[in-house]
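A short worksheet on the structure shown next.
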Amino acid sequence: DDFIVTSDEKKAKLISEHRKTKARLDTVTTRDSVSLDNLFDRIKEGEVKELNIIIRADVQGSVEALVDSLTKLSTEDVKLKVIHGGTGAVTESDVMLASASKAIVICFNVRANPVVKALAGKENVDLRFYDVIYKVIEDVRSAMEGLLEPVYNENIIGRADIKQIFHVSKVGTIAGCYVTDGKIERSAKVRLLRDDVVIFDGNLSSLKRFKDDAKDVSSGFECGVGLENYNDIKPGDVFEFYTLEEMKVEL
């Protein structure tokens, strides 16, 4: 099955390409390597994300079971590719192939000798050792979920009517506001509405009560609000303040 086991020719080609570019790779930081630990923070270029896997197991039945289980995790957004699979201990060739293709090596009921482990460390290749299939699936699923685009839940926390405008030298436009609902938080996001049309969506540059900086201002109070890199504010406009909560994304 070509999906399970990459042909020797293709494997050799990848390793050869890796060696040809070794000088360049030596200048790249360890951040460019891929592991299940850092994968959550690694967003690959392009719309489709891929996680390359190499499998080494004790018997062919284990290889096939792992390939079957892992490939079922693929979605339209995140693709899992088993680029090589085989039985027996992890080899130096496996490590070089993993380095060339930025793959993670799943070692199921097999070990790696000290020479192979040292090479993996040098090449920044992540060797993962398991003896239970469901743990492999659990770890890989978590890593793949980290490749999904984050989803945020929006929470409107307050609104304020803009009463007057102040132009401050070297600062920009400050809107004199009256908080009508909820409260304003300095760390919140803000939309500027004009006739219910959004004309700005971004961050605050300042929040003040009189001349003092404020962390928040509650309903019924006046305050001064500055917008980050934006000055086109007019009396009668409305501020809508909100926070974003990142939601857990599941496959």
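The values are calculated or read from the model by the stated rules, or taken from the named source; none is laboratory data. All values derive from a computational prediction rather than experimental measurement. Here the Cβ positions follow ideal geometry from the backbone for every residue, glycine too, while neighbour counts run over all protein chains shown.
Tabulated data
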quantity: Given (1) more than 16 Å from residue 158 (Cα to Cα); (2) touching a Ser or Thr at 6+ places or on another chain (Cβ under 7 Å), number of the condition residue 235 does not satisfy; calculated: (2)
quantity: Some residue of the range 70-82 being surrounded by 16 or more Cβ atoms within 10 Å (Cβ to Cβ), of a type in the set (Asp, Glu) and modelled with pLDDT under 90; calculated: no
quantity: Among (1) surrounded by fewer than 18 Cβ atoms within 10 Å (Cβ to Cβ); (2) in a loop (DSSP other than H, G, I, E, B); (3) at pLDDT 95 or above - the single one residue 170 does not satisfy; calculated: (3)
quantity: Elements of type strands (runs of 3 or more DSSP E) in the range 193-251, at least 2 residues being surrounded by fewer than 15 Cβ atoms within 10 Å (Cβ to Cβ); calculated: 197-209, 238-247
quantity: Residue that is under 30 Å from residue 63 (Cβ atoms) and at pLDDT below 95, where the choices are 123, 154; calculated: 123
quantity: Answer residue from the range 78-111, given it is part of a loop (DSSP other than H, G, I, E, B) and in contact with a helix residue (DSSP H, G or I) (Cβ under 7 Å, 6 or more places away or on another chain) and is nearest to residue 58 (Cα to Cα) among those; calculated: 109
quantity: Test: residue 65 is hydrophobic (A, V, I, L, M, F, W, C), in a helix (DSSP H, G or I) and either at pLDDT 90 or above or surrounded by 19 or more Cβ atoms within 10 Å (Cβ to Cβ) (or both); calculated: yes
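Yes or no, residue by residue, for (1) aliphatic (A, V, I, L, M); (2) touching a residue at least 40 places away in the same chain (Cβ under 8 Å); (3) more than 30 Å from residue 50 (Cα to Cα); (4) not assigned by TED's automatic domain parsing to the domain that holds residue 77:
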| position | (1), (2), (3), (4) |
| --- | --- |
| 164 | no, yes, yes, yes |
| 213 | no, no, yes, yes |
| 216 | no, no, yes, yes |
| 227 | yes, yes, yes, yes |
